[in-house]
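Q: Sharing a structure, written as structure tokens. Questions coming.
Here, each number is a calculation from the coordinates, and none is a lab measurement. Computed from a predicted structure; not experimentally measured. Here Cβ is always computed from backbone atoms with ideal geometry, including for glycine, and neighbour counts include all displayed protein chains.
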Amino acid sequence: MKIIKRILPICIFPVFAALVLSCAGIAQAIGDSADEMGDSKGANALSRTAHSIGKALEYITPEQEYFIGRAVGANLLTNYQIYNEDPDLTLYLNQITAAIVINSSKPEIYNGYHTAILDSDEINAFATSGGHIFITRGLLNCAKSEDALAAVLAHEIAHIQLQHSIEVISSNRVVSAIAETSSSVVSLALSELAGVLDEAAEEIVTALREGYSQEQEFKADNRAVELLAGVGYEPSSLLTMLLALEQSQPQHPGGFNQTHPTPEKRIANVQKYLRQFRDKVQDTRTYRETRFGTIT
């Protein structure tokens, strides 16, 4: 497997006062439903309005996804420090990331994919919209091979490509903001809408800390298996990593084990999904053992 050599360093900037999200589409959706809100069937009208807003949010651009993710990343870094003591390890992780995404169905996104190490013994990993990936030193220490590292990265890349953080915005924050506003949607000014969208990053941070839904995690695991197979890594390495996480639970009950479905459930899901990849990917793990030993 040839690893991509040119990787841009991760760059997380301060949070802007307002995210670069256009309110026009959402404002139009609200305007279309404004008359309905005067109806006695307010609940049904609110439901239709929420659906319209959800549809409007589907048109978030790649640039806007990036700015949301950048804000989320900056928020996360108020609780974690970037680990800068081993630049070769950071470069190594970015090379693996690049190799995975270039062989995926979504190799290019606005400003690319970037991976950074968090200086924490906690066993955890995060991915934000727009391509930002964070992995703690604690989780890295659980990986005993390059393929296991790739499995962790593939899972986080899958969250990005499946737009799971954007789903959080569509399903929760905007709808609840409308419900808390006065009875008429007409009174929801554009400035208030901007505030709602500005808080989208905060809601995603909450989702990351509390964990995505079991369905989203299973989908990310399944996509990770596909990504691993697509680049030539051993797909069962995700299963190996999940078994390692299961063994770490007694000593490390928080972090990854707290924000994700139990390893047992994920293991059962991955075992079922792996059947279709049996004997379809040549096992080349031994070729990467020296490189892994040298870097780690």
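Q: Please sort 151-163, 234-246, 83-95 by packing, taking for each peptide the average over its residues of neighbouring beta carbons within 10 angstrom, highest first. Spell out each step's value before the answer.
A: Numbers: 151-163: 23.9, 234-246: 21.1, 83-95: 16.2.
Ranked from most to least packed, the peptides come out as 151-163, 234-246, 83-95.
Q: Still on this structure: How far apart, in nm, are the 7 Å Cα→Cβ label points at Asp283 and Ser105?
A: 2.9 nm
Q: Each residue of segment 128-141 in order: what ³J(HN,Hα) in whole Hz does its phi give by Karplus 6.51 cos²θ - 1.76 cosθ + 1.60, θ = phi - 60°, with x for Gly and Pro?
A: After applying 6.51 cos²θ - 1.76 cosθ + 1.60, I find 10, 4, x, x, 8, 10, 10, 10, 7, 4, x, 6, 4, 5 Hz.
Q: Based on the Cβ-Cβ distance of Ile82 and Glu246, what FRET efficiency does E = 1/(1 + (r/R0)^6) give at R0 = 41 Å, to the nearest 0.05? Walk me through the intermediate numbers first.
A: Working: r = 28 Å, r/R0 = 0.69.
The formula returns an efficiency of 0.90 here.
Q: Moving to a separate point now. Name the long-range amide H neighbours of Ile82: under 5 Å, sequence gap of 5 or more, or other chain; modelled H, no Pro or chain starts.
A: Asp119
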